[in-house]
Amino acid sequence: MSFLQVLLDWCIYALTLWHNKKAELSLDVLEGLWHYLDDVLHSQKLQTFLKQGKTVTLRLNFAQLLVDLLCPHGQAPVSMFTILSVCRGMLSAPVLASVFTTKYELLVNLLSKLTMLACHEMQKSMPSDSKLACTTPALNQPEFESHLLPHELRKSSPSANLFEVLLQVLSCYLSVQRQQANPNRVFTVVTNQLIQPLVLLRYMLNSQDSNLRQPLRRDIHLKIDSILQVALFPNEHLATYKKELLSSKEDSGKRCSGATKGPLKPVSAVLCKLNARGYCEPSLYFAVKCDALSLLFKFFLESYGKQKGDTDEEHRMLCFYFLTKLTPALDLHPDGNSSETETTAESSCSPENWSLALKALESLLSQVLSADIYNVAADRIRHGDVQLNFYRGVAQVLYTQAKPSIPSWYRCLEVLLSLNHLILEPDLDQVLSLAWVNSDNMEAQVQQARQLIVCSLLQTYTKLRQLPRLFSVLLSVICQPALDECRPLLLPGGITTSLRACLLETPPSQVVEICSSVLENIKTCIAPGLVRKEQEAEKMEVEGAQESQEREDSSLKLSSLSLLLHVVLFSLKTLDNASPVPLIRKSQALMEEMQQIIKELEHLLSAERATSKSNAQSLQKVSKKGKKRESASTSATKVEFLWMQKSQEAALLLRYTWVEVDTLFHIYCSKYTSVDLSVTSLMSQTEASSSSPLLAHMETLVSGSFRLSVHLPSCLCYLLLKLLALQQMKKVLLDNTLFSEPSADALLKKAVQFVLSELQFEVKPAEEAVWDGQMGSVEAKTYPIAHWNLVTSNLPLIAPYMSGDDAAHIAQILVTSTLRHMEGPKDLPPDCLTLSLISSQLLQSSVLAEMKSLFSAVVWFLTQRIIDILKAGTTPKVCPKVLRLHEKQSGGIPLQKDVTQTLSAQELTGVIVEDVLASFQTADVLVLLTEAQTKELMRLLQIFTNLNPDGMSSEDLSLVFLLLFFIFASTSQHLDRRNVDSSESEWGICLLGQLLKILGCLVESKNFRGVLKLIHGSTLLQIAVSALLWHSNSVKPCVSGSSHWLDVVKAAQDFIRSFVNLIIVRNNSVRLNLDKFASFLTAKEVAIRQVAQSSSGASVQFLLAALTSFSQAMITNLGRNQPMDQTLTQVLTRVTASLAPAVELVLKPHSASQSTRTLSQAFLVDVVTVMLRCDLATLSGEDQSGTQLILSHMTLYKSFCQQIFREMSSASRPMDFLVSSLCFLASFYAAVEKMSRGREQGEANDEAELDKLYSQILQAVHKLLTAPWLSPAGVVDLEPTVQELLSHLVERSTTRQFNLLLLMVKEGLDICNLRAGNYREVLSAVITIKLLSGCQLPESCSRALWLIAPQIISAMVFLVRSSSQDVSLTLPFTVPTVTSLTSLLRCGEGFITNAHHVVLALGALQSLPLEHLKPSVYHAMFLAVHEALFAILQCHPQVMLKAAPSFLSVFYRLVASIVQEGRQRGDTDTGAETDVYLECSILTERMYSHIAAAADSFTTLSAFMVAQYVTERQKVTLRSDIKTHLTEGIYCILDLCKEQDIRFLKAGLHTGVREVFNELYSNYTHYHKTQRQGEDKYTV
């Protein structure tokens, strides 16, 4: 016996004696013994001893002692932390753990105690009213001793060690459980002792947030699941479950315990334990049980529900009967029977438990649906509809105990509908009433769930072609007496969208049938309730209130039905000349019936209006009879007013709907005969003022002669009247005869005035209403939005007839509301509108610029707002003339533009020019703005950025440009030019950048040349540079490197380039303007030197930026003509002479100031690059003159190049620096090459120097592309610049140089680099190949490249196959390699003649992963494969004759993947990530169309492609948007199918797939084929 064994036995023996009360030990001794035992168990000596294969045993009674001490409220000699540590030490070694593993019951007891201890620990983070009781008979012991020290109390908290020990015990128990030979024993033990604490702990782990690490929480969760599944549902118990579940139900009401003798009944035993109370707090009991029931059903399905073979149906029925046992445990009894032992109060869910029960029921039903255990045909034929009857019972429970305030209630109905629509069919009226018509809970989650079930109903009955049946039930529900005083909105936005989509898929004849049903219900059920009963006139005073209430109810129903009819008719496909004659006749009858109902409603309302007027007069006579009667009459009048208002709304909505639909039918279908409602119904109201009835009606409508039934019409009535006026305007404009009438123009203007009347905007941003775009939601709060939407959407129609005041008013609303949109909240519900959002979208659209008068009014209003801000600023010295002119106008210049305003605009532009010149000459700031004024000005400028400058007239453009230029040059924030401590604020810098961007856009507009007639271009440039120099002097060094200042510098460069380019292109006084500006810049050379030695680095930066941008503009315009080139070259020489000293001064490390050293590396590289290009440009002029080619600053360029080689890839660099460096290398190589070609001597040295530079550049690019800090996105950003550099390198490269490049590529494509994990080396070669294939190569280099192209393709195919096995390389390596291979195939058209290499590429595409990818990775891979297929199809058509099957095999993988990824996923069907699947479906549609275009190669395979598509399509339910694109694509393939192909498909496909194909082919024949045949008539 070893010494360690002796020590352990001695220590354990002493502790055992104390525990058995055979010896008394002090607390210090006990604590010492426990700590000593803990140290021994965790000692390195014991671990080494056990690793040597030696054995140490522990006593069994000590293990029992340890288990006894594991109690949350028990007495313990030491802290629980120490006890758990000892337990962990014993379980860490298999030899020591054998004391538990060899005694199964002891291990079960240990697991039970630890689980309860963990539950007790979890309760500490729960609210006080939900604490666990955690009571079992074995644990009723006194609490811990109160004499523990505070430190010990802290250590006694087992949370730090408890769950790790629990995980050890769970793993140990699971291993032992799997080794047990008797599954009945395991089942009994787990059921009696473990199931309750395990499900309780599992629920708490899922439902609580604690400090427990997520991996540990997940591992414990998985272990509990494994224990329960293995113990409760082993394969050996399948026969037992069958015997209990499939036998007769004679013993179904009896309860059974797992410990009773007799045959084992596992279901009853498990449910007995779950239904038992006492193992947790009563408030948690039902929640734990619901969670456990859902879990048990999941385990049952996984264990027994997926058995294949002859007994598949039997296993499905077994799962169903298990479901029937679980459902009553939720206190839901679909069969109407509850347990005999339960009281009536317990036989159904309590109100607080309904939400839990419905969530559990939803989970159970969803698992039934996903596991496909309900086969409708088999259930009906072989099982007597047992499942159907059960699910109908569940539905009955949901009806009788309806909970419309709980989202799960709706989702349960939705799952039942997905199982079989016949489940809900017998009680469809209850479903529609409870879940749609009378569901008035407005919570967001409830509304979303309600929308889900309603949309599912619509989609289901659309697929069944039974939408009229659904609507007939819906109409009967609507016509029933309302449950409340006011029903909720019948058609909110989401339901309306779904309904419209379903109606588009419904045959037009069924839609007409639905409309006829709506009209019939209005006529038979609603209209009689609105008619006053004359025979009861004498009882009016007694029963008047009741009758008014009935009429109000009828009017509300009429409003709902009219809205429903409006949506249905607006979703109906219009009739055309190809429509069947029976459909045209039905539609004609429908319109006539609708016309008659509208006439009856208007007649009724007209009669009621007269009656109400007479009643009002009689009430005035008897008003003295008492206040009680007066109060009753007032109440009746209010009800009377409400029903008349709703009836008037419904009548106008029906009229508007009728007019719109009738007009469309009349335009597109010559067989349809229209009887204009306006002509027949309104001529009696007024005398015709014109020979045309339509014009007479229009006059009646817009002049106010049209009488409504109520004195104060609702907002919806006003909106509908305006819509009717617009409709009449359209009719007049479409009819040339009416349009030529003398009164037509005046009437159209009057109609526009009517439409624009009461247009206002008085809403604060925080109070801005939201409108969902539906007619039914138009009310006082949303009416301004609906009216504004009506106006803006019809602006092209009404703009020509607006007055100047109207245009100014609209412009004011546009600008004001957009400004408030910038201040207000941005988050809005989808498909909702606000007034400011509509204005913002209109200003950003291209339509506004096409309406000249309105666009000019918007520009004018903006300028006046800007001038108002300037007037509010401070004028330090002299008030600018523009502000004085503005103040001279009485009340300011009017907002609208008229004849007098033209003169004002001309005066404004003149005085602004004078102000700008005066500010330039005196170097004074004319206006000082506060920060608030600056912010307000920036918001106005933001609106200017959305306007199209090309839409401005020359006058407006001149005014805007000069006004903004005045702000730029003559205004500032409150700074003192003489105060060196004053600094430009961040807002001031942002304002400069925004102004420069807008000025640059205005310079590039087509009408800008009018500005140059007012002031010289060189003067504007000088003023701009002077202003920026002053602003840069006031910028502190810490700000000069900020992103805002860099944006200002970039915007200034763009402005100078655009302006100089305009001067050159305009070709008017070019030399004069350029010389003046060049002289202005060169005169700053001394200033540059002085500034560089002072503290203003921003001034140096801007002066360098101005010189470089000026030079760039001239360089880009070289080559126009010889005189222009001479002028530009001379100016460039002067500018370069000034630029070079400044650059050298900045680059000198000791002479430059600290502030100039803060200039970014990218900026300096750009400056030197421009300087080099200027030298090259002047060098070209010298070359033409025959002088020797010498770069004056070659030493500087060489040293700069070497510095770039050292820094470009040494460490992580900004992207702009890398791009600038590559551009410099391209320019420097071009310069060296040009000099070497121009020299007559030293050719060998020059060639060697050029080859060395060539090699250095290639190595630098290679190092850059392989840099570990360069991200894949960075590589993509660098590709255009690297390609430009390669183009310069290979443009005139020799064979020797090009072979060096190809050798580098060949070495990089070695598969060994990829296997070694160095994929960046290979990626560099892959990218180089892609970029090189797109370059223009000399003939010799091109032959060399395409000679080894087959080897490159083979190598890349091998790389793709290898990298496809590693998913982590998909995005960084595989996708770029496929893209490079695609580029090589595309550019190799005509060069790659062997079809074998293209087939190799198809084989590589076949191996690419498309499953289980993130959306972004999936989109990249899908796009890469699609582009590769497209390149093969377009550039190598000869290969398709042999490789069509391989091509289609790859494309089929794309189709199958997008069908799988594009399936409906419920709430996750929206969002940015799911948009990638829509893009992929569009690509699939395009590829289908390309395949159809190459019909010669795929004619024989078209049926095969269709079969593949419908096979995949049958497996899932696609999202509607994705389905649309895929369907349009497969239609192109069906165009290739012949009649025998269609017969083959109908005969050869399986039953389910054949149904999908029949639906697809039916839609193809009805929609696509007829449209294609119609287009073929006009195809040459």
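The values are calculated or read from the model by the stated rules, or taken from the named source; none is laboratory data. These figures come from a predicted structure and were not determined experimentally. Cβ: placed from backbone, ideal geometry, glycine included. Neighbour counts: every protein chain shown. Remember, those area values only see protein heavy atoms, side chains included, never the ligands or the DNA or RNA. Shrake-Rupley method; radii C 1.70, N 1.55, O 1.52, S 1.80 Å.
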Item to check | Cα→Cβ-extended label distance, 7 Å offset, between residue 1407 and residue 1013, nm | outcome: 7.1 nm
Item to check | Neighbour-limited loop hits for GluC sites (Glu not before Pro), segment 768-869 (at most 16 other Cβ within 10 Å; DSSP other than H, G, I, E, B) | outcome: 779
Checklist entry - Between residue 1547 and residue 381, what length comes free when the chain is fully extended (0.36 nm per residue of separation minus the Cα-Cα distance, one decimal in nm)? => result 417.2 nm
Checklist entry - Carbon-plus-sulfur fraction of the accessible area of segment 351-394, 1.4 Å probe, in percent? => result 52 percent
Item to check | Segments 109-115, 873-879, 801-807, 444-450 sorted - mean Cβ within 10 Å per residue, highest first | outcome: 109-115, 801-807, 444-450, 873-879
Item to check | Stretchable slack from residue 1540 to residue 1273, in nm (0.36 nm times residue separation minus alpha-carbon distance) | outcome: 91.0 nm
Checklist entry - How many nm separate the modelled label positions at residue 803 and residue 906, each set 7 Å beyond the Cα in the direction of the Cβ? => result 2.7 nm
Item to check | Neighbourhood net charge (11 Å Cβ-Cβ; Lys/Arg +1, Asp/Glu -1) for residue 1382 | outcome: +1
Checklist entry - Which of the peptides 83-90, 1518-1525 is most tightly packed, and how do the rest follow, going by the mean number of other Cβ atoms within 10 Å of each residue? => result 83-90, 1518-1525
Checklist entry - segment 1332-1439: which chymotrypsin sites (Phe, Trp or Tyr not before Pro) are DSSP loop and have at most 12 other beta-carbon atoms within 10 angstrom? => result none
Checklist entry - Heavy-atom accessible area per residue, segment 1403-1513, 1.4 Å probe: how many Å²? => result 40 Å²
Item to check | Proximal charge balance of residue 741 [Cβ under 14 Å; K/R count +1, D/E count -1] | outcome: 0
Next on the checklist: I need the trypsin sites (Lys or Arg not before Pro) found in segment 167-228, filtered to DSSP loop residues with at most 15 other beta carbons within 10 Å of theirs.
Outcome noted: 213
Next on the checklist: Once neighbouring chains are kept in place and the probe is 1.4 Å, which whole percent of the accessible area of segment 546-610 is contributed by carbon and sulfur?
Outcome noted: 53 percent
